[in-house]
Amino acid sequence: MEQLTLFDLEPQSTERWQVDNFSADNFGQQSARMSLEQKLIEIMVVSNDFNRQSVSYQLSKNDCLHRWLKYKEGFSADLVKRLLKEFDIKADDTVLDPFVGSGTTSLVCKMQKINSIGFDILPMSKIAIKAKESVFDYDLSEIKQLISEIKNLSLPENYDKRTKYVTITDGAYPDTTEKEIAFFTDWNNESKYSKITKNLVTLCILNSLEKISYTAKDGQFLRWDYRSKKMLESAEYRRQNGKSPLVIRLDKGIMPTLKQSLLDELNSVCNDISSIQRNSQPNDSKLQFIEGNALYELPKLESNILNGVITSPPYCNRYDYTRTYALELAYLGITDEKIKRLRQELLSCTVENKPKIDYIKENYIALGKEDDFNRIMQIIENNKTLLEINNSLTERSKNGDINNKGVLRMVDGYFTELTFIYAELFRLCKSGAKVAFVNDNVRYGGEVISVDFISTELAEQIGFKPVKVYSLKQQKGNSSQQMAKFGRVALRKSITVWEKP
Ligand SMILES: C[S@@+](CC[C@H](N)C(=O)[O-])C[C@H]1O[C@@H](n2cnc3c(N)ncnc32)[C@H](O)[C@@H]1O
């Protein structure tokens, strides 16, 4: 069979993608990172042919089915298709994604008759997966009937129930919209439609929430429109205390009602369903999704069952899914207390994450796998690159270069937890299976952390054979604070590929 690669064009010289200084102003030790860089640059491939859109949600936006959950952190169906081809995965094989998100890997597999297993801690994943995997089961006439019924529905005048909220989403919607969300939700729950159609309505409501709210997802936080209660109260507080008004740039203009947005969403998914039902055939491949923490769930699976892994974990970039998706979580009934717990379930990627190692250990002991736990811990503790990074960050923190100690805990926890994931994947893979991880490199306090190469080194120590590190031509910029203080260093966005020998 012809060997296909992700890059059809001539690979570029890797020079511009090679880091030549890991510690700004030569502040700390960098010999371990430097020698790792020199070693792994050999397997790095950079090309034009692959771009930021493929590893982000942008391509999925135009992709039938995959765009059904508005999920900016997703990668594209195109990327998954290319990797499946590159890995020579065939019908009836099994592919795993430990960090499912909107379900791109699972759904591309489903459409190609490939079995899949996936995990995610977010309840939205379950709803999205259910909605998408049912694509051949919908009765289009039922959905059309539902759409026409919604067209004739309106909020009763004396209706007074409001949708649930949590502290960070308090006042997120105009008053009537709060009532409209509760009204349509109750109507959906009590309606006569089939379970899968009701689930589709829930998905379409979830997709509407940001649009009909005073908020906008923006990096790590929600931004608020100047008309929201939060912004009006804060402006009043500043006025009373003689402070100048804050400059609030978010003006969402005229916002749609839930009914308008719901109808748009339903019409759009209805078109997709009709086109997929016309142009593709259903198949009986198995799509297994488990709402749970991959760190605790992977050790429970049987060994040697996978033909491949295609995934993208949370990046080590302080991005907090529980804040970005607070509207959606609150809508699904997740309380403040539960959101805090969910945040702690995230692979350590926020400054608020506390170490999970005691829970991980407990789980391995409960499964009778203490030896595995100890072996994996040894790999982590003896890894010179991780040691160098943790030491450098500690020194940077003492020097006042890191403004939040949570960063140290996050980086340490991130690699510890990922090593457990890599080790489990190794155990779960059949011989010859390939694993792809999409991730971004990061920089804190002037210290460059090459997530792609460090992960590859850890994977190799676990037993994988490093195959390639595909690096995107477009690199990532730095935060403005890092740039101002330490100058600019381009950070790679990569897809690391390993093989179980
Ligand atoms: C980068 S996103 C994955 C996006 C996915 N590739 C897609 O196309 O939609 C990372 C996902 O990991 C999930 N996650 C974070 N920590 C997790 C954990 N410990 N176990 C399982 N999933 C987790 C997050 O909720 C998030 O949905």
Cα-centre dipole for the range 306-366 with unit charges at Cβ (Lys and Arg positive, Asp and Glu negative), debye to 20: 100 debye
Mean Cα-pair separation over length for the chain, i.e. relative contact order, pairs under 8 Å, 6 or more apart, %: 19 percent
Efficiency of FRET from Cβ geometry, residue 366 and residue 162, R₀ 45 Å, rounded to 0.05: 0.60
Gain upon complete extension [residue 300, residue 148; 0.36 nm per residue less C-alpha separation]: 50.1 nm
The range 65-169: C-alpha pair distances exceeding 20 Å, %: 55 percent
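When the helices in the chain are scored as -39500 (n - 2.57) per DSSP H run of 4 or longer and the sum is shared across all residues, what 222 nm value do you end up with, to the nearest 500 deg cm²/dmol?
The helix contribution divided over the chain gives -13500 deg cm²/dmol.
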Nitroxide proxy distance, nm - points 7 Å out along Cα→Cβ at residue 483 and residue 268: 3.1 nm
Order of 412, 88 - criterion: other Cβ atoms within 10 Å of each residue's Cβ, fewest first: 88, 412
0 to 90° range, to nearest 10: angle between helix 384-398 axis and the chain longest Cα axis: 70 degrees
Given charges at Cβ of Lys, Arg, Asp, Glu: the chain dipole, positive-most of 267, 193, 167: 167
Cβ-based exposure ranking for 124, 483, 44, 255, in which fewest neighbours within 10 Å come first: 483, 255, 44, 124
Folded to 0 to 90 degrees: helix 31-40 orientation relative to the chain principal axis, Cα: 80 degrees
Cβ-based exposure ranking for 263, 206, 301, in which fewest neighbours within 10 Å come first: 301, 263, 206
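Once the Cα gyration tensor of the range 365-501 is found, what semi-axes does its equivalent ellipsoid get, as square roots of 5 times the eigenvalues, in whole Å, sorted largest first? Let's see the in-between values first.
Details: eigenvalues 166, 79, 20 Å².
The answer is 29, 20, 10 Å, longest axis first.
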By average C-beta atoms within 10 angstrom, highest first, the peptides 350-362, 177-189, 319-331, 152-164: 319-331, 177-189, 350-362, 152-164
Amide H contacts of residue 46 (H built 1.01 Å from N, under 5 Å, at least 5 apart or other chain): 12, 471
Antiparallel DSSP beta bridges within the chain, as percent of all bridges there, nearest 5: 55 percent
Estimated FRET transfer efficiency when R0 is 56 angstrom, pair residue 229-residue 394 (beta carbons, to 0.05): 0.85
³J(HN,Hα) computed for each position of the range 290-304 - Karplus, 6.51 cos²θ - 1.76 cosθ + 1.60, integer Hz, glycine/proline x: 10, 7, x, 7, 4, 4, 9, 8, 4, x, 7, 7, 5, 6, 6
Cut-off 10 Å between beta-carbons: net charge of the residues surrounding residue 128, Lys and Arg +1, Asp and Glu -1: +2
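Considering only the other residues whose Cβ falls under 10 Å of the Cβ of residue 295, what net charge follows from Lys and Arg at +1 and Asp and Glu at -1?
My count for the surroundings of residue 295 gives -3.
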C-alpha center-to-center spacing [the range 267-317, the range 426-489] in angstrom: 24 Å
Sites residue 43 and residue 243 - FRET efficiency at Förster radius 45 Å, r taken between beta-carbons, to 0.05: 0.25
For residue 250, distant residues with modelled amide H under 5 Å away: 226
Relative contact order of the range 373-501, pairs being alpha-carbon contacts under 8 Å that are 6 or more residues apart, as %: 29 percent
The range 140-277: relative contact order as a whole-number percent, Cα under 8 Å and 6+ apart: 30 percent
Net lengthening on full extension, residue 15/residue 218 (0.36 nm per residue, minus Cα-Cα): 69.8 nm
Student exercise, the chain dipole from Lys, Arg, Asp, Glu Cβ charges, in Debye to nearest 20: 960 debye
Sum of side-chain charges, residue 490 neighbourhood, beta-carbon under 9 Å (Lys, Arg +1; Asp, Glu -1): +4
Karplus-derived 3J(HN,Hα), 6.51/-1.76/1.60, for each residue of the range 306-318, Hz, glycine and proline x: 9, 9, x, 9, 10, 7, 9, x, x, 7, 7, 10, 6
Positive dipole terminus of the chain, leading residue within 41, 19, 241 (C-beta point charges): 241
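Treating only the Cβ of Lys, Arg, Asp and Glu as charged (+1, +1, -1, -1), what charge dipole size does the range 264-304 show about its Cα centre? Round to the nearest 20 debye.
180 debye
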Principal-axis tilt of helix 258-279 within the chain, Cα atoms, nearest 10 degrees: 60 degrees
³J(HN,Hα) computed for each position of the range 356-362 - Karplus, 6.51 cos²θ - 1.76 cosθ + 1.60, integer Hz, glycine/proline x: 10, 4, 5, 5, 4, 4, 3
Two-decimal Rg/Rh across the chain, once Rg and the Kirkwood Rh are taken from alpha-carbon atoms: 0.98
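Computed from the coordinates by the stated procedures, all read-outs in this text should not be read as laboratory data. Please read all numbers here as calculations on a predicted model, not as lab measurements. Don't worry about glycine lacking a Cβ; one is built from the backbone with ideal geometry, like all the others, and counts go over all protein chains shown.
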